[in-house]
Amino acid sequence: MNNEIAELLRSVLKEELEPVNNRLDSMEQRLNGMDQRLDSIEQEVKALRTDHAELRNEIIGTLGDFTEKIASDVDYKTSALNKRVFNIETELQRLIGD
(Lines give C-alpha, C1' and ligand atoms only; values in the text may rest on other atoms or scores of the structure.)
Protein backbone atom coordinates (compact mmCIF):
# COMPACT_ATOMS: atom_id res chain seq x y z
CA MET A 1 0.00 0.00 0.00
CA ASN A 2 2.88 2.37 0.75
CA ASN A 3 4.31 1.61 -2.68
CA GLU A 4 0.99 2.41 -4.31
CA ILE A 5 0.75 5.74 -2.49
CA ALA A 6 4.35 6.55 -3.37
CA GLU A 7 3.72 5.73 -7.06
CA LEU A 8 0.53 7.76 -7.06
CA LEU A 9 2.36 10.69 -5.44
CA ARG A 10 5.16 10.43 -8.01
CA SER A 11 2.64 10.38 -10.84
CA VAL A 12 0.79 13.44 -9.51
CA LEU A 13 4.05 15.32 -8.92
CA LYS A 14 5.26 14.44 -12.42
CA GLU A 15 2.03 15.71 -13.98
CA GLU A 16 2.07 18.92 -11.95
CA LEU A 17 5.79 19.65 -12.37
CA GLU A 18 6.03 18.85 -16.09
CA PRO A 19 4.45 22.16 -17.20
CA VAL A 20 6.72 24.02 -14.78
CA ASN A 21 9.76 22.24 -16.19
CA ASN A 22 8.63 23.02 -19.75
CA ARG A 23 8.21 26.70 -18.89
CA LEU A 24 11.63 26.77 -17.23
CA ASP A 25 13.20 25.16 -20.30
CA SER A 26 11.51 27.72 -22.53
CA MET A 27 12.70 30.58 -20.32
CA GLU A 28 16.23 29.19 -20.31
CA GLN A 29 16.25 29.04 -24.11
CA ARG A 30 15.04 32.64 -24.32
CA LEU A 31 17.68 33.76 -21.82
CA ASN A 32 20.38 32.02 -23.85
CA GLY A 33 19.10 33.84 -26.94
CA MET A 34 19.19 37.14 -25.05
CA ASP A 35 22.74 36.45 -23.89
CA GLN A 36 23.79 35.88 -27.49
CA ARG A 37 22.09 39.11 -28.55
CA LEU A 38 23.74 41.03 -25.74
CA ASP A 39 27.13 39.65 -26.74
CA SER A 40 26.45 40.69 -30.32
CA ILE A 41 25.35 44.18 -29.24
CA GLU A 42 28.42 44.51 -27.03
CA GLN A 43 30.70 43.62 -29.96
CA GLU A 44 28.89 46.11 -32.20
CA VAL A 45 29.24 48.86 -29.57
CA LYS A 46 32.98 48.15 -29.29
CA ALA A 47 33.29 48.29 -33.09
CA LEU A 48 31.36 51.57 -33.16
CA ARG A 49 33.60 53.05 -30.49
CA THR A 50 36.68 52.04 -32.48
CA ASP A 51 35.20 53.44 -35.69
CA HIS A 52 34.21 56.64 -33.88
CA ALA A 53 37.74 57.12 -32.53
CA GLU A 54 39.25 56.53 -35.97
CA LEU A 55 36.77 58.90 -37.60
CA ARG A 56 37.44 61.57 -34.97
CA ASN A 57 41.20 61.26 -35.58
CA GLU A 58 40.68 61.46 -39.35
CA ILE A 59 38.50 64.57 -38.97
CA ILE A 60 41.06 66.22 -36.70
CA GLY A 61 43.84 65.38 -39.16
CA THR A 62 41.84 66.62 -42.12
CA LEU A 63 40.96 69.86 -40.33
CA GLY A 64 44.62 70.34 -39.46
CA ASP A 65 45.66 69.81 -43.08
CA PHE A 66 42.92 72.14 -44.30
CA THR A 67 43.93 74.82 -41.77
CA GLU A 68 47.55 74.55 -42.89
CA LYS A 69 46.52 74.94 -46.53
CA ILE A 70 44.42 78.00 -45.70
CA ALA A 71 47.27 79.53 -43.69
CA SER A 72 49.72 78.80 -46.51
CA ASP A 73 47.36 80.33 -49.06
CA VAL A 74 46.89 83.44 -46.90
CA ASP A 75 50.67 83.73 -46.47
CA TYR A 76 51.18 83.39 -50.23
CA LYS A 77 48.52 86.00 -51.04
CA THR A 78 49.84 88.33 -48.35
CA SER A 79 53.33 88.03 -49.77
CA ALA A 80 52.07 88.73 -53.28
CA LEU A 81 50.07 91.70 -52.03
CA ASN A 82 53.08 93.05 -50.13
CA LYS A 83 55.15 92.87 -53.32
CA ARG A 84 52.47 94.76 -55.25
CA VAL A 85 52.23 97.42 -52.53
CA PHE A 86 56.02 97.72 -52.48
CA ASN A 87 56.07 98.15 -56.26
CA ILE A 88 53.36 100.82 -56.06
CA GLU A 89 55.19 102.62 -53.24
CA THR A 90 58.43 102.49 -55.23
CA GLU A 91 56.72 103.85 -58.31
CA LEU A 92 55.06 106.60 -56.24
CA GLN A 93 58.40 107.55 -54.73
CA ARG A 94 59.91 107.66 -58.18
CA LEU A 95 57.09 109.84 -59.47
CA ILE A 96 57.15 112.17 -56.44
CA GLY A 97 60.91 112.36 -56.40
CA ASP A 98 61.13 113.42 -60.01
request  = Would you check if Ala47 is surrounded by 10 or more Cβ atoms within 10 Å (Cβ to Cβ), assigned to a helix (DSSP H, G or I), of a type in the set (A, V, I, L, M, F, W, C) and under 28 Å from the mean Cα position of the chain (by Cα)?
outcome  = yes
inquiry  = Let me confirm something: among Leu17, Leu38, Leu55, which residue is surrounded by 10 or more Cβ atoms within 10 Å (Cβ to Cβ) and at pLDDT below 95?
reply    = Leu17
query = Does Leu92 count as among the hydrophobic types (A, V, I, L, M, F, W, C), in a helix (DSSP H, G or I), at pLDDT below 95 and surrounded by 10 or more Cβ atoms within 10 Å (Cβ to Cβ)?
reply = yes
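The values are calculated or read from the model by the stated rules, or taken from the named source; none is laboratory data. Computed from a predicted model, the values in this text were never measured in an experiment. Please note: Cβ atoms are built from the backbone with ideal geometry, for glycine as well, and neighbour counts cover all protein chains shown.
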